[in-house]
1. On the protein heavy atoms, probe 1.4 angstrom, tell me the percent of accessible surface of the chain carried by carbon and sulfur.
2. Which residue fluctuates most in the GNM of the chain (Cα springs below 10 Å): 73, 278, 299?
3. Kindly report, to the nearest 10 Å², the accessible surface of residue 266 as traced by a 1.4 Å probe over protein heavy atoms only.
4. Normalised by the residues of the range 240-335, what does the relative contact order come to in percent, with Cα pairs under 8 Å and at least six apart?
5. Roughly speaking, what is the stretch gain from residue 351 to residue 327, that is 0.36 nm per residue apart minus the C-alpha to C-alpha distance, in nm to one decimal?
6. Where a Cα-Cα gap under 16 Å defines reach, which aspartates and glutamates qualify for residue 220, not counting those fewer than 8 residues away within the same chain?
7. What whole-number distance in Å separates the alpha-carbon centres of the range 316-368 and the range 65-141?
8. Given a 1.4 Å probe and heavy atoms of the protein chains only, how would you sort 82, 126, largest accessible area at the top?
Amino acid sequence: MTDRHQGGRPGPLLPSERPVRFLTDGGTPARGRHPYPEPDQELLLRAYRRMVVGRRFDAQATALTKQGRLAVYPSSRGQEACQVGAVLALDDGDWLFPTYRESVALVTRGIPPVEVLSLLRGDAHCGYDPHRHHVAPQCTPLATQTVHAAGLAYAERRKGSGRVVLVFVGDGATSEGDFHEALNFAAVFRAPVVFLVQNNRYAISVPLERQTAAPALAYKGIGYGVRSEQVDGNDAVAVLAVLGAAVAHARSGGGPFLVEAHTYRLEPHTNADDATRYRADAETEQWRRRDPIARLKAYLRRSGRLGDDEAAAIAAEAEEVAARLRAGMNADPDLAPLDLFAHVYREPTPQLAEQRALLRSELQAEEVPA
């Protein structure tokens, strides 16, 4: 990618008192002071295009789940500014460590959509090549990917590669021990890793106020000596500016950086969740009015950078992506059942070897190709 935003200078450990924002909920310039330069218009237009395509992909994946083509799908509708902004802040050689909710980020990174959904369809532990894309496998256990990200970042520092690692974290994962261990390790060894906490207000059904008494999750970095910031996660301009600064800070040798993005998932936790049991429709509707795509679109239209023809072309591209995804997911995958045991451990354990042999014998008895 060539659309990484260079930005920002390292600052004190404390985050801004209020989340950094460039745009109002209506997409007009917001008032307030902060040290971050505005990303250029070309980068913002790229972000808008990726967000529109990402949302259409997300909607199509949700529909495929209802049709039984996916076992489960955790939507990120409403969090597109974070999903796309994180990817555009990185270079091709940088590493991304996603959770199960980062499908839009993976598509933005250039991973084929069908490969992105292979895990959620149950086809493979990971449907893409992590080394080719510099994207770790999607992680379902909370926060375990943070220590992996910190370790890889430290290795890149030791090698002098100049690469940065960005790891996605949800608000619920900040209560896990792995998250705190990763922050401490990264700070002590000045690992070039950016922790992006997508605070979407709920850890499944547990609201934020039942998770922490801190004034903001960004403050959790201070005790470990980690530079921290909080940003309006539904303001794509602000997300790109702050993450650009965080990545530049890490790449320049400044060590880790923690960014809390205040956002909201408009859909349930997954297709198996009933969000009406723990949050009011009025709350969700309030966040719909802060839609990140609508805000950026309004801003780009006012600046004259996004016209009707270009907006229509982007919408048409999003429909093409959805059509290709439908076609790809409607084709039955060619799977080898014994691959279930591959890539679990570098050296299979005796228990796995025994289970593999048992499955092989059952397949042979049923004359199913292994």
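The values are calculated or read from the model by the stated rules, or taken from the named source; none is laboratory data. Since the structure is predicted, the reported quantities are computational estimates derived from the model, not experimental observations. Note: ideal-geometry Cβ built from the backbone for every residue, glycine included; neighbour counts use all protein chains shown. All accessible areas refer to the heavy atoms of the entire protein, side chains included, with ligands and DNA or RNA removed. Shrake-Rupley method; radii C 1.70, N 1.55, O 1.52, S 1.80 Å.
1. 50 percent
2. Most flexible of the set in this elastic network: 278.
3. For residue 266, solvent-accessible area is about 10 Å².
4. 12 percent
5. Numbers: separation 24, 0.36 × 24 = 8.64 nm, distance 3.85 nm.
The residue 351-residue 327 span can extend by a further 4.8 nm.
6. Excluding near neighbours in sequence, the set is 17, 171, 176, 178, 181, 209, 229, 260.
7. So the two Cα centres are separated by 18 Å.
8. Per-residue accessible area, sorted high to low, gives 126, 82.
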